[in-house]
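The values are calculated or read from the model by the stated rules, or taken from the named source; none is laboratory data. Because the structure is a prediction, the values reported are computed rather than measured. Ideal geometry is used to build each Cβ from the backbone, glycine not excepted, and the neighbour counts take in all protein chains shown. With ligands, DNA and RNA removed, areas are computed over all heavy atoms of the protein, side chains included. Shrake-Rupley method; radii C 1.70, N 1.55, O 1.52, S 1.80 Å.
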Amino acid sequence: MVLLTGYNRVRTAVFISGTGSNFKSLLKFSKNKISPISINLIISNNPKAKGLNYAKKFKIQKKVLNFKNKILSEKKLLFLLKKNNIEMICLAGFMKILSKNFIKKFKGKILNIHPSLLPKYKGLNTHKRALNNKEKYSGCTVHFVNSRLDSGKIILQKKIKISKNETETSLAKKILVQEHKLYPKAILKVLNL
Ligand code: GRF
């Protein structure tokens, strides 16, 4: 996917549902003088998502869409994305599943980060399942989004070792640190930089 036009930054929307630590790290990345992206829109399905506070702090346009009526929410979403000339979407802890129709409209331009070494442990409770299966390694993956959950083409992965006394919490924490580094790297890769 080559989106860079001249010296313009790729206009990016980030979708969140909760803490937004990946959003924060992407924001930091976008603020770098030579960053290829700008974050112009933040979407949340959850009005209480902590990450929304960063939107306020950095004066980024935000919109909460509850997704109770997915067709309607996605219609509003498409309007907003178009209005803001959004060229790339980064899902960062976004807990709603986008429709096939929506994904088709942004084909090859939606990225997601997942806390496992895909194709292992798609979906929820990844750390719990990795520990129950006595895995020696886990990690995180940035991938393109297609119509099947956590199944799109892998862009980058980071592998980490699971320690002897690892708990779900310690593993999640360890992986999250790596997620914050991996997402910007994956974006650079996608943009051929
Ligand atoms: C991350 O572990 C991400 O991989 C998963 O949800 C979590 C979101 O964390 N999809 P945060 O909201 O970015 O802090």
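A few comments on the model shown:
- When Ile37 is tested against (1) on the phi < 0 side of the Ramachandran plot; (2) without any contact (Cβ under 8 Å) to a residue 60 or more places away in the chain, exactly one condition is not met: (2).
- Residues (touching a Leu at 6+ places or on another chain (Cβ under 7 Å), more than 15 Å from the ligand (Cβ to nearest atom) and in a loop (DSSP other than H, G, I, E, B)) located in the range 83-119: Asn84, Ile86, Glu87
- Count of residues meeting criterion [hydrophobic (A, V, I, L, M, F, W, C), open to solvent by less than 20 Å² (accessible area, probe 1.4 Å) and without any contact (Cβ under 8 Å) to a residue 60 or more places away in the chain] in the range 95-121: 5
- Hits in the range 3-57 (condition: open to solvent by 70 Å² or more (accessible area, probe 1.4 Å), outside any loop (DSSP other than H, G, I, E, B) and either under 24 Å from Gln178 (Cβ atoms) or within 12 Å of the ligand (Cβ to nearest atom) (or both)): Lys24, Lys28, Lys31, Asn53
- When residues in the range 12-64 are screened for being over 12 Å from Gly93 (Cβ atoms), under 15 Å from the mean Cα position of the chain (by Cα) and basic (Lys, Arg), 1 of them pass.
- Exactly one residue out of Ile160, Ile155 is part of a strand (DSSP E or B) and more than 22 Å from Leu81 (Cβ to Cβ), and it is Ile160.
- Count - residues of the range 122-148 that are open to solvent by less than 50 Å² (accessible area, probe 1.4 Å) and within 26 Å of Lys50 (Cα to Cα): 10
- Residue in the range 152-163 that is on the phi > 0 side of the Ramachandran plot and not hydrophobic (A, V, I, L, M, F, W, C) present: no
- Residue within the range 66-84 that is crowded, with 20+ Cβ neighbours inside 10 Å, in contact (Cβ under 8 Å) with a residue 40 or more places away in the chain and either more than 18 Å from Gly18 (Cβ to Cβ) or of a type outside the set (D, E, K, R) (or both) present: yes
- Cβ-Cβ under 6 Å pairs, at least 6 apart or on other chains, the range 142-154 side charged (D, E, K, R), far side open to solvent by 30 Å² or more (accessible area, probe 1.4 Å): Asp150/Lys122; Lys153/Phe144
- Checking each residue in the range 149-169 for being open to solvent by 40 Å² or more (accessible area, probe 1.4 Å) and more than 20 Å from the chain's Cα centre (by Cα) picks out Lys161, Ser163, Lys164, Asn165, Thr167, Glu168, Thr169.
- Residues in the range 68-82 that are in a helix (DSSP H, G or I) and of a type outside the set (A, V, I, L, M) were compared, and the one that is nearest to Arg9 (Cα to Cα) is Lys82.
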